[in-house]
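The structure under discussion appears below in the form of structure tokens.
Only the coordinates and a few stated rules stand behind these numbers; no lab work does. Since the model is a prediction, treat every value here as computed from it, not as a measurement. Glycine gets a Cβ as well: all are built from the backbone with ideal geometry, and neighbour counts include every protein chain shown.
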Amino acid sequence: MKPSGVASGISCPGLRQLPAGIPPVFVTAIYPGTSNGWFSEGEFMAVPGAKERIDSAVQSWSGITSHPHRFGGTEYCLGRREIGHVHGDSLVDIPFPKNVRNELVTAGRAEPHHILPDSGWVSIFLRAFSDVDRAIELLQFSFEIANQRLSK
């Protein structure tokens, strides 16, 4: 029987270890399709090697730094501006101006952010290799927007 209440130290795809005290609802929000915040085999899709491929591409762009993200995964920044973050091999979140975000969602290139759907953020769930390519493309778009804003 699985414990109820808090997900204490459970292993999650894309995260090495979930910190003790994270409520199951938070886990479920980050990884839709999970049951009560607990993972069982087959409940979650990921693309093996996606994080490494994304990391290699993004780190090659001039001025990019990477840092641990506060909710797990890796955050990419240009100066102090975050251009996006990746949660393991399964999920990428990217900030955009709200009008750009709306165009991307309408065109089907991204989904509204999995936790903050009314913000300028988008989410890309990595279910296939083509999703990884799209995530890199949109991270580059975010990088270009950040570069333009730094130039002003």
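Tabulated data for the structure shown
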quantity	calculated
Dipole magnitude of the range 50-151, debye to nearest 20 (Cβ charges: Lys/Arg +1, Asp/Glu -1, about Cα centre)	240 debye
Computed label-point distance, nm, for sites residue 127 and residue 100 using a 7 Å Cα→Cβ extension	2.6 nm
For residue 126, residues with placed amide H under 5 Å, excluding near neighbours	91, 92
Taking all pairs of distinct alpha-carbon atoms in the range 50-151, Kirkwood radius in angstrom	13.3 Å
